[in-house]
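Notes to accompany the following structure.
The values are calculated or read from the model by the stated rules, or taken from the named source; none is laboratory data. Because the structure is a prediction, the values reported are computed rather than measured. Neighbour counts are summed over all protein chains in view; Cβ atoms, including those assigned to glycine, are modelled from backbone coordinates with ideal geometry. Only protein heavy atoms, including side chains, enter the accessible area calculation; ligands, DNA and RNA are left aside. Shrake-Rupley method; radii C 1.70, N 1.55, O 1.52, S 1.80 Å.
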Amino acid sequence: MTTAIALDDALTFRVLDDGALSAAVPGCFSNGPNSLPPDSGFPFGGLLAALCAQGMRQGLSLTAPLRSLSVQYLSAARFGEPVAFRPRLLRGGRNVLYASIEADQDGRMTHHAAGTYGLDAATSPLSPLRLPPPPLDSLDPEARIGGPMAPHFAGHVDYRFDGGPNILGGNEGRPAIERTWMRMADRRPLDEVGLCYLLDALYPPAWTLSKTPAAMTSVDLRIDILVDPTPATAPDGWAFFEFRMLDLGLGWTVDEATAWGVDGTPLAISRQRRKLLPQRS
């Protein structure tokens, strides 16, 4: 059993002599099942995305809101060993800033990301994605991810499913869609790094179509933050998420996720590409 630590502790960096930021990936953020050691899986992509967002903000002293984050997962990091994050300001400006960050472990690059930061303008927003979510208290509090096959990273999240979870064939013959309220289990206020974590904090929607889902690994993840969450739109850290499979075939799957505030305000959207792994005979 791994010792769980809070997300904020996992996002705490040590500054190296060359100015890089260093953080280790704790085993409690593995995507492997609870019944097996963390190294049966890989570091959770949502945590790595959050580390990239936090590393650019801290390392470059950025104050503007994060608007887009694009992460490419190059190779799996090892648990418990330091990962060096090296942020770089690509272009600064009054309205928009462009930054990047590279992460390596013992000289081997594990992932890198690009971020776009910018201030919002005082204009009236249009929200075509507006969707009133089901009332939180109308859903079964026991509808959550648990048991020995639940991934380690899910222990950091409170779930409240709308008709799920449907993993392992629950959506057979139906669209691969999962809808759920989520918040960090430590009830931290929802912010940009929390959104980065939660937008990846579910099994692939394709795994709801079959009782024997194909193994797959994340290749890239893009997140667009539309509105910064507030205590009014995300009370007690809760937001409503919909995960939807867009495509499955030719060795790939593509999914999208949307996060809404309690009043239906669209907070963020993401798109993730995964590579199906060869089946062993």
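Amide H contacts under 5 Å for Asp191: none, restricted to partners 5 or more places along the chain or on a different chain, H placed in the peptide plane at 1.01 Å from N.
Counted by Cβ distance under 13 Å from Phe243, the other residues give a net charge of -2, where Lys and Arg count +1 and Asp and Glu count -1.
Here is the tail figure for the chain: Cα pairs spaced more than 30 Å apart come to 27 percent of all pairs. Across the alpha-carbon atoms of the range 104-236, the computed radius of gyration and Dmax are 17.2, 50 angstrom. Heavy-atom accessible surface of Leu246, to the nearest 10 Å², is about 70 Å², with a 1.4 Å probe and all protein chains retained.
Count Lys and Arg as plus one, Asp and Glu as minus one, and take only other residues whose Cβ is under 9 Å from that of Val193; the net charge is then -2.
P(r) for the range 198-281, from all Cα pairs and a bin width of 10 Å, is 17, 43, 25, 12, 2, 0 %, short bins first.
The slack between Lys211 and Ala185, meaning 0.36 nm per residue of separation minus the straight C-alpha distance, is 6.5 nm. Counting 0.36 nm for each residue step from Ala232 to Ser40 and taking away their Cα separation leaves a gain of 65.2 nm.
So what's the back-of-envelope 222 nm ellipticity for the chain, counting only DSSP H runs of four-plus at -39500 (n - 2.57) apiece and dividing by all residues, rounded to 500? Taking each H run of at least 4 residues, the total per residue is -2500 deg cm²/dmol. Each Lys and Arg Cβ is given +1 and each Asp and Glu Cβ -1; about its Cα centre, the chain then shows a dipole of about 600 debye.
Each pair of Cα atoms in the range 89-174 enters the Kirkwood radius, and Stokes-Einstein at 10 °C and 1.306 mPa s then converts it into a translational diffusion coefficient of 87 µm²/s. For Gly107, the shell of other residues with beta-carbons less than 14 Å away shows a net charge of -2, using +1 for Lys and Arg and -1 for Asp and Glu. Note that the range 1-77 shows a convex hull volume over its alpha carbon atoms of 110 Å³ per residue.
Binning the alpha carbon pair distances of the range 23-172 at 5 angstrom intervals from zero yields the distribution 2, 8, 14, 14, 13, 15, 14, 12, 6, 2, 0, expressed in whole percent.
Springs between alpha-carbon pairs under 10 angstrom, Gaussian network model over the chain: which of Pro205, Pro33, Pro231 fluctuates most? Among Pro205, Pro33, Pro231, the largest GNM mean-square fluctuation belongs to Pro231. Protein-only accessible surface at a 1.4 angstrom probe places the residues Ser100, Ser35 in the order Ser35, Ser100, largest first.
Amide H contacts of Ala143: Phe161, each under 5 Å away and 5 or more positions distant or on a separate chain (H built 1.01 Å from N in the peptide plane; Pro and chain starts excluded). Among Asp158, Asp224, Asp39, the largest mean-square fluctuation in a Gaussian network model of the chain, built with springs joining Cα atoms closer than 10 Å, belongs to Asp39. Sticking with the crude label model, points 7 Å out along Cα→Cβ, report the distance from Lys275 to Glu142 in nm, one decimal please. In this crude label model, Lys275 to Glu142 measures out at 4.2 nm.
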